[in-house]
Amino acid sequence: MRLNDALLGAILLGFAGWVWWMTTFFPAFPGQDYGPNLFPRILAAGIAACGAMLVLRGLRRRAPLIVLESWTREPERLLSFLLIPGAVLAYIFLSDALGFIPTAFLLLVALFLWFRARPVVALPVAAGVTLVVHWFFAGLMRVPLPRGVLDSLL
């Protein structure tokens with residue numbers, strides 16, 4: 001499946017606008033020239049610039065907006081493609097109840113096994129990646145990750 005650059009650029013412009021709009025709800029820090037909205041707005045501006053360039057390039061080429069490749073007619077490949085955004089949605093809906101560690105571990109194991117990794121490799125790699133990501137975000141970056149069922153242990 002190929003998307004015309006104009007369509008992808010329009011999606012990026014919409015996303016950048018949404019990010020910018022969401023930063024209007026961030027609290028201001030008294031006595032400072034900048035607050036927590038600065039970095040997301042810098043990213044949104046960069047994404048918007050890239051999106052605008054893609055729109056211009058896509059409009060110049062005058063290609064169809066969407067071209068479906070042959071793999072999109074193969075159910076297994078289409079499911080493999082959809083599993084990644086599906087895993088993101090599953091994390092969004094499950095992480096508060098289960099917690100980051102169990103949710104991330106289960107999703108990684110499921111994805112590894114779907115993409116034909118051997119269980120003897122999938123289990124330790126999923127555990128290691130989950131713990132390293134948790135350590136980085138919760139420990140170093142102080143991002144409050146959902147604890148879920150492990151609330152009494154963490």
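A short reminder: the numbers here are calculations on the coordinates, not readings from a lab. All values derive from a computational prediction rather than experimental measurement. Cβ sites come from the backbone with ideal geometry, for glycine too, and all protein chains shown count toward neighbours.
Structure values in brief
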item: Proportion of all alpha-carbon pairs of the chain beyond 20 Å (%); result: 69
item: Derived scalar couplings ³J(HN,Hα) [the range 32-45; Karplus, 6.51 cos²θ - 1.76 cosθ + 1.60; whole Hz; x for Gly, Pro]; result: 10, 6, 9, x, x, 8, 5, 5, x, 6, 5, 5, 4, 5
item: Table column - 3J(HN,Hα) (Hz), the range 3-15, Karplus curve with 6.51, -1.76, 1.60, x for Gly and Pro; result: 9, 4, 4, 5, 5, 5, x, 5, 4, 5, 4, x, 5
item: Dipole of the chain [Lys/Arg +1, Asp/Glu -1 at C-beta], most positive-end residue of VAL120, ASN4, ALA44; result: ASN4
item: Förster radius 25 Å - calculated FRET efficiency between ILE92 and VAL125 (Cβ-Cβ, nearest 0.05); result: 0.60
item: Efficiency of FRET from Cβ geometry, ALA28 and ARG61, R₀ 41 Å, rounded to 0.05; result: 0.40
item: Dipole magnitude (debye, nearest 20) for the range 72-150, charges at Cβ of Lys, Arg, Asp, Glu; result: 120
item: Expected 222 nm ellipticity per residue - DSSP helices of 4 or more, -39500 (n - 2.57), all of the chain, to 500; result: -22000 deg cm²/dmol
item: Relative contact order (percent, whole number), the chain, Cα cutoff 8 Å, 6+ residue spacing; result: 23
